Amino acid sequence: MSSIRSQRKDDHVAHALEQNGFKNDFELVRFIHNSLPNMNFSDVDLSSHYFGHAFEYPVYINAMTGGSDKTREINQKLAMIAKHFGLAMAVGSQHVALDDASQIPSFSIVRETNPDGFIIGNINANASVDDAIRAIQMIKADALGIHINIAQEITMDEGDRDFAHWLDHIEAIIRSVDVPVIVKEVGFGMSDETVRQLLDRGVRYVDVSGRGGTNFIMIENARSERKRYDYLADWGLTPVESLLMTQPYHHQAQMLASGGVTNPLDVMKLLRLGAHGVGISGYFLKAAHLETDAMFDEVELFLEDLRKLMVLIGASDLTALRKRKIQLLERLVMYDETK
């Protein structure tokens, strides 16, 4: 059973690397060009605060992998990036290691590589309080992510079919652990109704994780024996739609966002729409397959360009960024706060 689950982890990575991204609505959000920024590049301060912690950058390495020998190597490279740039990092689902101790090194390598870093554990909403505590202990996690992945489970041949207890489990875990708990989707977005239900159960950190990045329906469809879910390729809400739809709750929870972020402009758009931090998976996964020096150079350029774009819109920090004018196009006009 363990070898089957480890193979599934490797399959997920392989299929994720093959995907070229899906529509995520970033093209429907436009900043207004500022020809006179009245600031210098050296004035840019990207420091941010999320997960109850201060960071130099408003981006973090989102949950991806772990649970096999191959993914241990990937997690080590990702942890090197996190350490080098001071980024938070979430590991992939730890359940394979909770059930099989031989897989623990594929996750604990992250803490070994980055002993002082901010590491986020990862369990699903089927987990018990004991599972949550063991997952935290496994990697000495500074925070715990609980992923809600109904679309993936429903389309996975061997997926779960019982979901009525999820909210009860989430609430019990929040009450029982002493680290921040982030509830995150896995790429299909969250509606205002979903966020309201989470808030009612005590959730205060939410990653809307919208459509546009790694598509687990299509991954499970590729793995499936009958491959019958092509018609669900565009299922879900984009991160842009999710942030706009959940605006009434942004003052009650710290909103994080992810889903198809490939460049610094995507990051800025999500921050402008209310995200405190932006999670990135696919970009870092591809970077982790480069040689070490090239990997660091790639991420360095990404963060440098993020600073450059702040100058382009005349925003010296994230507070100023969130006040910059934007245009919402096509169907997003219904959310335009200026109308």
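The values are calculated or read from the model by the stated rules, or taken from the named source; none is laboratory data. None of these values were measured; they are calculated from a predicted model. Heads up, the Cβs are rebuilt from the backbone with ideal geometry, glycines too, and the neighbour counts pull from every protein chain shown. Ligands, DNA and RNA are excluded from the accessible area calculation, which covers all protein heavy atoms including side chains. Shrake-Rupley method; radii C 1.70, N 1.55, O 1.52, S 1.80 Å.
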Checking Asp266, Asp305 in turn, the sole residue that is in contact with a strand residue (DSSP E or B) (Cβ under 9 Å, 6 or more places away or on another chain), touching a residue at least 12 places away in the same chain (Cβ under 8 Å) and of a type in the set (Asp, Glu) turns out to be Asp266
Met156 fails exactly one of (1) surrounded by fewer than 24 Cβ atoms within 10 Å (Cβ to Cβ); (2) under 17 Å from the mean Cα position of the chain (by Cα), namely (2)
Taking the range 67-82 and the residues there that are of a type in the set (Gly, Ala, Ser) and in a helix (DSSP H, G or I), the one that is nearest to Pro264 (Cα to Cα) would be Ala82
Log entry, pairs with first residue in the range 30-58 being assigned to a loop (DSSP other than H, G, I, E, B), second being open to solvent by 60 Å² or more (accessible area, probe 1.4 Å) and acidic (Asp, Glu), beta carbons closer than 9 Å, six or more apart or on different chains, reads Leu46/Glu56; Ser47/Glu56
Per the list (1) over 19 Å from Trp166 (Cβ atoms); (2) under 13 Å from the mean Cα position of the chain (by Cα), residue check on Arg226 breaks on (2)
By residue number, the members of the range 292-302 that are buried (at least 16 other Cβ atoms within 10 Å of the Cβ) and either more than 20 Å from Val261 (Cβ to Cβ) or in contact with a Pro (Cβ under 8 Å, 6 or more places away or on another chain) (or both) are Phe302
Reported set for the range 154-186 where residues are at pLDDT 95 or above, β-branched (Val, Ile, Thr) and assigned to a helix (DSSP H, G or I) is Ile170, Ile173, Ile174
Among Ala101, Ala127, Ala135, Ala79, the single one that is without any contact (Cβ under 8 Å) to a residue 24 or more places away in the chain and aliphatic (A, V, I, L, M) is Ala101
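Okay, residues lined up against (1) within 27 Å of Glu300 (Cα to Cα); (2) at pLDDT below 95; (3) assigned to a loop (DSSP other than H, G, I, E, B):
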{"residue": "Tyr60", "(1), (2), (3)": "yes, no, no"}
{"residue": "Thr65", "(1), (2), (3)": "yes, yes, yes"}
{"residue": "His84", "(1), (2), (3)": "yes, no, no"}
{"residue": "Ser106", "(1), (2), (3)": "yes, no, no"}
{"residue": "Ile120", "(1), (2), (3)": "yes, no, no"}
{"residue": "Asp130", "(1), (2), (3)": "no, no, no"}
{"residue": "Ile136", "(1), (2), (3)": "no, no, no"}
{"residue": "Ile146", "(1), (2), (3)": "no, no, no"}
{"residue": "Gln152", "(1), (2), (3)": "no, yes, no"}
Those residues of the range 275-291 that are open to solvent by 20 Å² or more (accessible area, probe 1.4 Å) and in a loop (DSSP other than H, G, I, E, B) come to a total of 5
Residues of the range 153-173 being over 23 Å from Gly187 (Cβ atoms) and without any contact (Cβ under 8 Å) to a residue 40 or more places away in the chain, in sequence order, are Asp168, Glu171
| If you check Asp142 against the conditions, is it modelled with pLDDT under 95 and within 23 Å of Asp100 (Cα to Cα)? | no
Over the range 43-56, the set of residues within 14 Å of Met268 (Cβ to Cβ) and either open to solvent by 20 Å² or more (accessible area, probe 1.4 Å) or touching a strand residue (DSSP E or B) at 6+ places or on another chain (Cβ under 6 Å) (or both) is Ser48
Note to self: Condition check: under 21 Å from the mean Cα position of the chain (by Cα), surrounded by fewer than 17 Cβ atoms within 10 Å (Cβ to Cβ) and in contact (Cβ under 8 Å) with a residue 24 or more places away in the chain. Does Ser191 satisfy that?
What the structure shows: yes
Over the range 214-260, the set of residues in contact (Cβ under 8 Å) with a residue 60 or more places away in the chain, in contact with a Lys or Arg (Cβ under 9 Å, 6 or more places away or on another chain) and open to solvent by less than 40 Å² (accessible area, probe 1.4 Å) is Asn221, Gly236, Thr238, Pro239, Val240, Glu241, Gln254, Leu256, Ser258, Gly259, Gly260
